[in-house]
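Chemist: Mind looking over this structure? Questions follow.
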Amino acid sequence: MRMALRCLALSGCLLMVTGCSSEKIEPAAAPEGTTSPAKEAKRPESRRLSREEQKHPKVVVATNQGKFTLQLDAEKAPITVANFLEYVDRGFYDGTVFHQVSAGYVVQGGGYDEKFAEKSAGPAIRNEAHNGLSNRRGTISMARAADLIDSSTSQFFINLGDNNALDHQSAEADGYGYCVFGQVIEGLETVDQIGNSPADAGRPNTAVRIESMRRLR
């Protein structure tokens with residue numbers, strides 16, 4: 001299934017995530033040496049999270065080009081945040097790359113390893129693009145198939161500009177939009193640097209690798 005972004009640009013339509021496979025999406029197994037999502041959920045916390053931390057959890061993303069911090073919005077996008085944190089907690093994103101970059105537009109990742117092999121993602125989730133949040137600069141959103149509203153799995157993108165054309169506008173697939181579920185609160189300059197990486201047809205010439213993603217507790 002192709003995870004795509006449709007951009008209304010002067011030069012036409014920019015299709016992100018070129019080269020994605022069309023194989024059936026199947027639930028992913030937990031990486032060797034990590035706990036399953038079910039076991040992870042039962043693991044006792046080192047401390048009780050405050051209400052604010054539950055509503056707006058933070059995630060630190062360490063890449064080979066620097067770090068940045070995300071603050072998620074579980075009030076406006078509860079399904080999407082829970083899905084994203086499940087991938088974070090089991091280390092799914094560790095070792096993946098930003099496989100599509102476009103300066104001033106978006107950087108997209110969460111689906112491929114450094115050898116550009118597609119990772120097996122879990123089931124698709126409901127699209128919460130109708131939550132009132134806009135694809136403004138610095139926000140993080142879920143990628144999806146352009147022709148399927150509820151098709152997001154693990155892939156995400158970070159907006160490098162104000163991309164209002166990606167917001168929810170109608171009930172049809174081509175206008176339903178892409179769900180915003182958080183924003184970069186520290187290190188946006190790192191994301192800009194990733195977006196400016198030399199690339200061939202949007203694919204970075206040198207791998208931009210996610211070393212780790214961890215919740216900030």
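Chemist: Considering only segment 144-158, how many residues are surrounded by fewer than 23 Cβ atoms within 10 Å (Cβ to Cβ) and hydroxyl-bearing (Ser, Thr, Tyr)?
Modeler: 1
Chemist: Kindly provide the set of residues from segment 85-97 that are under 25 Å from residue 168 (Cβ atoms) and touching a Ser or Thr at 6+ places or on another chain (Cβ under 8 Å), ordered by number.
Modeler: The one that is under 25 Å from residue 168 (Cβ atoms) and touching a Ser or Thr at 6+ places or on another chain (Cβ under 8 Å): 87.
Chemist: Could you list, in sequence order, all residues of segment 57-83 that are surrounded by fewer than 17 Cβ atoms within 10 Å (Cβ to Cβ), within 25 Å of residue 134 (Cβ to Cβ) and either touching a helix residue (DSSP H, G or I) at 6+ places or on another chain (Cβ under 9 Å) or among the charged types (D, E, K, R) (or both)?
Modeler: Matches in segment 57-83: 58, 75.
Chemist: Let me ask something else about it. Looking only at segment 207-217, filter to residues that are in contact with a helix residue (DSSP H, G or I) (Cβ under 9 Å, 6 or more places away or on another chain) and part of a loop (DSSP other than H, G, I, E, B); which one of those is least open to solvent (accessible area, probe 1.4 Å)?
Modeler: The qualifying residue least open to solvent (accessible area, probe 1.4 Å) is 208.
Chemist: State all residues of segment 168-193 that are assigned to a loop (DSSP other than H, G, I, E, B), in contact with a strand residue (DSSP E or B) (Cβ under 8 Å, 6 or more places away or on another chain) and within 19 Å of residue 76 (Cβ to Cβ); if no residue qualifies, say none.
Modeler: Of everything in segment 168-193, those that are assigned to a loop (DSSP other than H, G, I, E, B), in contact with a strand residue (DSSP E or B) (Cβ under 8 Å, 6 or more places away or on another chain) and within 19 Å of residue 76 (Cβ to Cβ) turn out to be 178, 179.
Rundown of residues vs (1) out of contact with any Ser or Thr (no Cβ under 7 Å at 6 or more places or on another chain); (2) surrounded by fewer than 21 Cβ atoms within 10 Å (Cβ to Cβ); (3) modelled with pLDDT of 95 or more, yes/no style:
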| residue | (1), (2), (3) |
| --- | --- |
| 160 | yes, no, yes |
| 163 | yes, no, yes |
| 172 | yes, yes, yes |
| 175 | yes, yes, yes |
| 179 | no, no, yes |
| 186 | no, yes, yes |
| 192 | yes, yes, yes |
| 199 | yes, yes, yes |
| 205 | yes, yes, yes |
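Chemist: Right, here's the next one. Across segment 124-164, what is the total count of residues that are over 18 Å from residue 191 (Cα atoms) and not charged (D, E, K, R)?
Modeler: 18
The values are calculated or read from the model by the stated rules, or taken from the named source; none is laboratory data. Note that the structure is predicted; figures quoted are calculated from it, not measured. Cβ sites come from the backbone with ideal geometry, for glycine too, and all protein chains shown count toward neighbours. Just the protein is used for accessible areas: all its heavy atoms, side chains included, with ligands, DNA and RNA removed. Shrake-Rupley method; radii C 1.70, N 1.55, O 1.52, S 1.80 Å.
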